[in-house]
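Data block below; observations after.
The values are calculated or read from the model by the stated rules, or taken from the named source; none is laboratory data. All figures in this text were calculated on a predicted structure; none of them were measured in a lab. Every residue, glycine among them, receives a Cβ derived from its backbone with ideal geometry; neighbour counts consider all protein chains shown. Surface areas here come from the heavy atoms of the whole protein model, side chains and all, with no ligands, DNA or RNA. Shrake-Rupley method; radii C 1.70, N 1.55, O 1.52, S 1.80 Å.
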Amino acid sequence: MWKQARIALLIVGGIAMVFLAQLGTAGANTGAENPAGVSCIATPNNSGFNELLTFDLNGFDGNVFLRRGTGPDSSQFVTTVRPESEVSSGLNEFGSFIRYRMGGDVFDVPCETVANPNPAGISCTAIANGANSSNAEVNRNGFDGTINIRRATATGSSWLASLDSTDTSSNVPGDGEGLLARYRIGSAVFDVPCESEDNPNPAGLVCEFFPTGNDEISLIINGDPTTPPVGTTFIRELTANGSEFVGQGNPTFDPRLPAGADYIVRYRQGGRAFDVPCLQLP
């Protein structure tokens, strides 16, 4: 029989959960509610019907028992808790708590419910493509619902694109700053910020060269047809002070250049310059 019980209502992800905010037991020490400093955290998972219970025993080496509430003043034993324990439990209006004994007294510590900001465990990366737009790429982590790509604004966020079912990427206007992935589980909405990454070669250009004899090389530039088009390419020779212009052409330009030097190809998209190193073919 619990000496005291107070019920608290917590709304997590649109799901109403009731947990025991304070628990006591017959014979409990009234001067210290939790002298061992142990704790239990309940984190709702992505189904909306279960929660993950984790524990911090704070070095306490006595027996600690997880119990599940079955009524306002009753409970049942679930398992003995170890420091590394994790327990998946169905949501329960009477909550769960951990029990231990110290100095002949019994102490009950309620499992505190903490909202999970990303229960589906998805992630998002925004990669700038150099043409005033970005690729938003998501790792679904098994989530098969719709994911909406949005951009944070001063007043909230604005919709840019939707990824349905198994879609994992979308091109959106602007750079990667402020992008987020939004999804729903039931009526709950979750926003995951997209980590912004720069793309050093958004056009996917490949520059290669091979010796042709007479101390010359033949330089070949190939573009990726799935990426934004590239106009003029600029051939530059690397120097001790940076690089200097030695020629230009389109992506299929095949110049003959002096051997023994290192070269890069420079092109522009969206007002930005990108340099691609030229690699020697085997």
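Close amide H pairs (under 5 Å, H built 1.01 Å from N) link Ser162 with Ile149, residues at least 5 positions away or on another chain.
Across Phe60, Phe245, Phe210, Phe49, the residue with the most accessible area heads the list, and the full order at a 1.4 Å probe is Phe49, Phe245, Phe210, Phe60.
Expressed as cubic angstrom per residue, what is the convex hull volume of the alpha carbon set of segment 111-234? Please report the intermediate quantities before stating the final value.
Working: hull volume 21.2 nm³, N = 124.
Measuring per residue, one finds 171 Å³ for the Cα hull of segment 111-234.
The dipole here belongs to segment 94-204: it is taken about the Cα centre, uses +1 on the Cβ of Lys and Arg and -1 on the Cβ of Asp and Glu, and is about 320 debye.
The length gained by stretching the chain between Glu244 and Asp61 to full extension, at 0.36 nm per residue less their Cα-Cα distance, is 58.9 nm.
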